[in-house]
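Structure first, commentary second.
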Protein chains: 2
Amino acid sequence: MSNERLDNLREQLDDVNLKLLDLINERAKLAQEIGEVKSRSGQKRFDPVRERKMLDLIAENNEGPFETSTLQHLFKQIFKASLELQEDDNQKALLV
Amino acid sequence: MSNERLDNLREQLDDVNLKLLDLINERAKLAQEIGEVKSRSGQKRFDPVRERKMLDLIAENNEGPFETSTLQHLFKQIFKASLELQEDDNQKALLV
């Protein structure tokens with residue numbers, strides 16, 4: 001009985017993992033677009049004020065069970081990866 | 001014009017951030033439930049074989065733009081945070 005329950009919970013977890021995967025990649029595409037717009041207007045890609053605002057939005061909307069500090073740490077990792085992706089795009093553009 | 005486009009993209013990004021927040025917390029609740037079921041049947045909470053399967057599922061379903069290695073790194077951080085959350089629950093249970 002408990003194994004059946006475990007299998008069912010794991011199926012739900014896999015489903016959430018795949019939704020997270022799609023959303024993280026969707027986020028990356030938006031960050032790439034933002035990077036292109038900023039690049040065309042000569043703005044720097046990393047904007048600490050904007051990053052702070054995004055982290056504040058997470059704090060305001062967190063209903064748990066994760067602590068806000070844990071979530072902000074995870075989001076910072078996602079922001080960092082997005083920024084690195086934009087830098088890769090820049091490198092590729094320079095090589096063309 | 002480009003500022004209007006930037007504002008629009010940022011609104012979309014905030015929307016995706018909030019969806020990610022909800023999904024990460026939804027995932028945490030499922031991980032807590034799994035932890036409880038495993039705890040009741042005397043199983044260890046960390047299961048490297050299961051973690052490998054979840055990472056493989058990410059690899060199989062990744063359509064980019066993020067590299068699979070980047071996504072797996074991000075998911076490992078989420079797994080780690082979930083495990084720490086389960087350990088906190090365990091501590092609390094011991095203190096009751």
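The values are calculated or read from the model by the stated rules, or taken from the named source; none is laboratory data. Treat the numbers as computed from the prediction; the structure is a model and nothing was measured. Glycine gets a Cβ as well: all are built from the backbone with ideal geometry, and neighbour counts include every protein chain shown.
What the table below lists for this structure:
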{"read-out": "Qualifying positions in segment B:37-57 - touching a residue at least 12 places away in the same chain (Cβ under 8 Å) and charged (D, E, K, R)", "value": "B:R45, B:E51"}
{"read-out": "Residue match in segment B:44-53 (condition: surrounded by 15 or more Cβ atoms within 10 Å (Cβ to Cβ) and in contact with a Leu (Cβ under 9 Å, 6 or more places away or on another chain))", "value": "yes"}
{"read-out": "Close pairs (7 angstrom Cβ cut-off, 6 or more residues apart or separate chains): within 30 Å of B:Q43 (Cα to Cα) and facing chain B (nearest Cβ under 7 Å) in segment A:6-35, at pLDDT 95 or above and not in a helix (DSSP H, G or I) anywhere", "value": "A:L21/B:N62"}
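Every residue, every condition in (1) more than 19 Å from the chain's Cα centre (by Cα); (2) among the aromatic types (F, W, Y); (3) at pLDDT 95 or above, yes or no:
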| position | (1), (2), (3) |
| --- | --- |
| B:E4 | yes, no, no |
| B:L9 | yes, no, yes |
| B:N25 | no, no, yes |
| B:S69 | no, no, yes |
